[in-house]
Amino acid sequence: MKPQKPTQNPEDPRFDPWWRDISIKFIFRRILPFMGKFIKTLAVSVLLAVVLLCVLFSFYDFAEQEKITGKIIARTTRTGLENLGIEDDFNTEEFHWPHLPVTFNYENCSRWQIKRIEKALEYIENRTEVLSFKRADSKEDILFVCSKERKNNGSTLAESLPSIYIGTKLYAPSTIMIYPSYYCINQRPIVEIHEVMHLFGLEHAPANDSKNIMNPYVTRCDAELSQQDIKKIREIYSRQIVTISKSKKEMQKI
Ligand SMILES: [Zn+2]
């Protein structure tokens, strides 16, 4: 005779399903101790990861991730001309364009890039209220060259390559290189404005001055020319209108 088969009715007091025994034993003896260990290990790992990330971030220079808008680069352009030499060694008081409007032209630029250049020049005219620009087909003062190749893995967006006439304090035909980038699309063309203003002697603003268009990095698409820089430019070029005939004489000596 066989013992009575255990009932499978849960309400029967003799109900003793196989899984109850196994699962309780299993949970208490195997899973829980293991889970405890696992949770502890996980918590320690997360904590270590957080500490490591904090340390990494504290040493990380975020500014380097921003894009440089331009550098003044030493360059000798042609006989009779010399460049201003050292990066950022600009002196608004010393050098100036001998005439206004300053003429410009562009090379290899798309319609979109030309529009940005024109918008940049218009911004400068409006803000300074003294500078003016005019397109020229040849012998331009500023040539914008739009490159199809990126520079320094895209960390250089544009460069001003200024020249001066030897023995004078006059700017000579200069170039602005514009490399492919997509900053501030349909907004203020701050890269172009920044580079053009280098050719008027403006140097870089401190990197933490995020509202200043002369910041060496792209910070804000609504960055502006500082009032201080506008004042400097006004002083020089208002004065120049009076001394323009003198400048012409200086030019004739070259
Ligand atoms: Zn610059």
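In the structure shown, do any of LYS134/LYS232; LYS115/LYS169; LYS151/LYS232; LYS169/LYS211; LYS148/LYS232 have a Cα-Cα gap over 25 Å, and if so which? It would help to have the intermediate numbers written out before the result.
Details: LYS134/LYS232 22 Å; LYS115/LYS169 31 Å; LYS151/LYS232 32 Å; LYS169/LYS211 30 Å; LYS148/LYS232 35 Å.
Cα-Cα > 25 Å for LYS115/LYS169; LYS151/LYS232; LYS169/LYS211; LYS148/LYS232; rest within.
Could you go through region 47-52 in sequence order and give the Karplus-derived ³J(HN,Hα) for each residue, using 6.51 cos²θ - 1.76 cosθ + 1.60 with θ = phi - 60°, rounded to whole Hz, and x for Gly and Pro?
Result, rounded to whole Hz: 4, 4, 4, 4, 4, 4.
Taking 0.36 nm per residue of separation and subtracting the Cα-Cα distance, what length does fully extending SER155 through TRP112 add? Walk me through the numbers on the way to the answer.
Details: separation 43, 0.36 × 43 = 15.48 nm, distance 2.11 nm.
Roughly 13.4 nm would be gained on extension.
Each value in this text was obtained by applying a stated rule to the coordinates, not by laboratory testing. Values in this document were obtained by computation on a predicted structure and should not be read as measured data.
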